[in-house]
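The values are calculated or read from the model by the stated rules, or taken from the named source; none is laboratory data. Since the model is a prediction, treat every value here as computed from it, not as a measurement. As a convention, Cβ positions derive from the backbone with ideal geometry for all residues, glycine included, and neighbour counts pool all protein chains shown.
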Amino acid sequence: MKVWTTAWGVARFGIEVSRDVLRFGERLAPWPLSLVPRTLRLPLDGIIGLAGTLTTQPAPVPDLGANPPERARPPRAERTPARERRTPPDEHRTATIAGARSDGAADAPVYDREFRARNAPLYVRDAGKGPAIVLLHAFPLNSRMWEPQLVGLADRFRVLAPDLAGFGLSWVPTTASSLAEQAAAVDHTLEDLAIDELVLVGLSMGGYVAFPLLERLGARVRGLVLASTRAGADTEEAVEERHRLAAQVERDGVEVAADEMLPKLLGSSTLLDRPDLVDHVHAMVLENKASGIASALRAMAARPDMTPALERIACPVLVIAGEEDAVIPTPTARLMAGRIPDARVEVVRGGHLVNLEAPDDFNRLIEEFARQSFELERPRRRARAARA
Ligand code: MLT
């Protein structure tokens, strides 16, 4: 065992040095030349990430919905009156995002509808009617990344996409907010909007927030989708990187986060073939404020390891992974799913932002899963059984 540990230590050192050299090359080389060192670095990232997941030490972690919290929800009439200082939930304003892109590009995708946008504790895009699907966005984006889902799923479901605190049109935390505080803000938002049961979808950072939110909501979550995300905490190296980037973003502005994150967020095929999507994601990053991005980086660096809690997730789970995802390699997603009692994995085209890179596949999976989670399939199944 000791021999293996030493051998792995030496190998790991070699891999990390090679990664640093390649990363340096990535920073020096102009795009698309930087894709060469990046492509060479990805398998090394995968090995380190996988090793990190396998060697993660279990730590005491909270219940994830296996035992719904004791905290019974008071009847609506007895709850804290809608926070007066905020816009009352019924007063919604219409966000005209139809055809609009933040960079005003002429080739902007045209959406044939407008979304209701609400100022609950968090700013929320809110489309459609029916059972609720709540979408939590990735870092460093905002709820606009869910446009294909707000358009594609709203004919059967009520689709709600908050801007997490510090992003988009939501307030910016004045201190480094934790992911638990992010989850609390989403919980209060759902309460203001009278959302009781839901299917919860978290993509990457949205997944990190979904874990503490699931702990708060318990059995109200009928199904959980973990897309391009992981349960493990950051490695020491990743923590350092996040603090470095947070300080740099505070000093030099949001553009730094866009430059650094963009090549990681999109798969290599998208980076080569979809300049429109690259521009679109870039524009979304720039819609956020430096202070919000820095705060989220510090919150992610401090997040606990949720791996030991996975086995206590009580609801059905769908894990979605992008086959070219450099941030969360597919084996990491499979390992996570393997620890959840009722989980299945779907691998789709694309990199990290699978909902934007493969929107049709993503929407189909979410729709199927939400229908099963809300048991909307049942009457048809029963009818078929009765006919047979
Ligand atoms: C995200 O997409 O939310 C980020 O890549 C998450 C992370 O940096 O861990």
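Tell me yes or no: at least one residue of the stretch 224-239 is away from the ligand (no atom under 14 Å from the Cβ), of a type outside the set (Asp, Glu), assigned to a helix (DSSP H, G or I) and more than 18 Å from the chain's Cα centre (by Cα).
no
Considering only the stretch 312-326, I want to know if a residue exists there that is closer than 26 Å to Val36 by Cβ and modelled with pLDDT under 95.
yes
With the requirement that a residue be at positive phi and touching a Pro at 6+ places or on another chain (Cβ under 6 Å), what does the stretch 205-238 give you?
If the condition is that a residue be at positive phi and touching a Pro at 6+ places or on another chain (Cβ under 6 Å), then Gly218 is the only one that fits.
Just a yes or no: is a residue in the stretch 269-292 assigned to a helix (DSSP H, G or I) and basic (Lys, Arg)?
The answer is no; no qualifying residue exists.
Residue-wise test of (1) more than 15 Å from the ligand (Cβ to nearest atom); (2) touching a strand residue (DSSP E or B) at 6+ places or on another chain (Cβ under 8 Å); (3) part of a strand (DSSP E or B).
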site: Ala210; (1), (2), (3): no, yes, no
site: Arg216; (1), (2), (3): yes, no, no
site: Arg242; (1), (2), (3): no, no, no
site: Leu245; (1), (2), (3): no, no, no
site: Glu250; (1), (2), (3): yes, no, no
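Quick one: in the stretch 328-355, of everything that is part of a loop (DSSP other than H, G, I, E, B), within 16 Å of the ligand (Cβ to nearest atom) and of a type outside the set (A, V, I, L, M), which residue is surrounded by the fewest Cβ atoms within 10 Å (Cβ to Cβ)?
Filtering the stretch 328-355 for residues that are part of a loop (DSSP other than H, G, I, E, B), within 16 Å of the ligand (Cβ to nearest atom) and of a type outside the set (A, V, I, L, M), the one surrounded by the fewest Cβ atoms within 10 Å (Cβ to Cβ) comes out as Pro329.
Somewhere in the stretch 290-302, is a residue away from the ligand (no atom under 14 Å from the Cβ), among the small types (Gly, Ala, Ser) and at positive phi?
So far as the stretch 290-302 goes, no, none of its residues is away from the ligand (no atom under 14 Å from the Cβ), among the small types (Gly, Ala, Ser) and at positive phi.
Just checking, does the stretch 153-166 include any residue being of a type in the set (Lys, Arg), in contact (Cβ under 8 Å) with a residue 24 or more places away in the chain, assigned to a strand (DSSP E or B) and more than 13 Å from the ligand (Cβ to nearest atom)?
yes
Restrict the check to the stretch 358-371 and report whether at least one residue is at pLDDT 95 or above, in a helix (DSSP H, G or I), under 25 Å from Val159 (Cβ atoms) and within 16 Å of the ligand (Cβ to nearest atom).
Yes, the stretch 358-371 contains at least one residue that is at pLDDT 95 or above, in a helix (DSSP H, G or I), under 25 Å from Val159 (Cβ atoms) and within 16 Å of the ligand (Cβ to nearest atom).
What about Val221, is it among the β-branched types (Val, Ile, Thr), within 15 Å of the ligand (Cβ to nearest atom) and in contact with a strand residue (DSSP E or B) (Cβ under 6 Å, 6 or more places away or on another chain)?
no
Are any residues in the stretch 190-208 buried (at least 24 other Cβ atoms within 10 Å of the Cβ) and assigned to a helix (DSSP H, G or I), and if so, which ones?
Leu190, Met205, Gly206, Gly207, Tyr208, listed by residue number.
Can you tell me which of Ala257, Ala231, Ala246, Ala283 is over 27 Å from Leu213 (Cβ atoms), touching a residue at least 40 places away in the same chain (Cβ under 8 Å), surrounded by 16 or more Cβ atoms within 10 Å (Cβ to Cβ) and not charged (D, E, K, R)?
Result: Ala283 is the single residue among Ala257, Ala231, Ala246, Ala283 that is over 27 Å from Leu213 (Cβ atoms), touching a residue at least 40 places away in the same chain (Cβ under 8 Å), surrounded by 16 or more Cβ atoms within 10 Å (Cβ to Cβ) and not charged (D, E, K, R).
If we keep just the residues of the stretch 128-152 that are aliphatic (A, V, I, L, M) and within 15 Å of the ligand (Cβ to nearest atom), which is nearest to Leu365 (Cα to Cα)?
Leu135
Only one of (1) of a type in the set (Asp, Glu); (2) assigned to a helix (DSSP H, G or I); (3) within 15 Å of the ligand (Cβ to nearest atom) fails for Asp325. Which number is that?
Looking at each condition in turn, Asp325 falls short on (2).
So which residues in the stretch 293-306 are part of a helix (DSSP H, G or I) and closer than 16 Å to Ala180 by Cα, if there are any at all?
Hits for the stretch 293-306 are Ser295, Ala296, Leu297, Arg298, Ala299, Met300, Ala301.
Looking at the stretch 319-337, is at least one residue among the basic types (Lys, Arg) and under 16 Å from Ser269 (Cβ atoms)?
For the stretch 319-337, residues among the basic types (Lys, Arg) and under 16 Å from Ser269 (Cβ atoms): absent.
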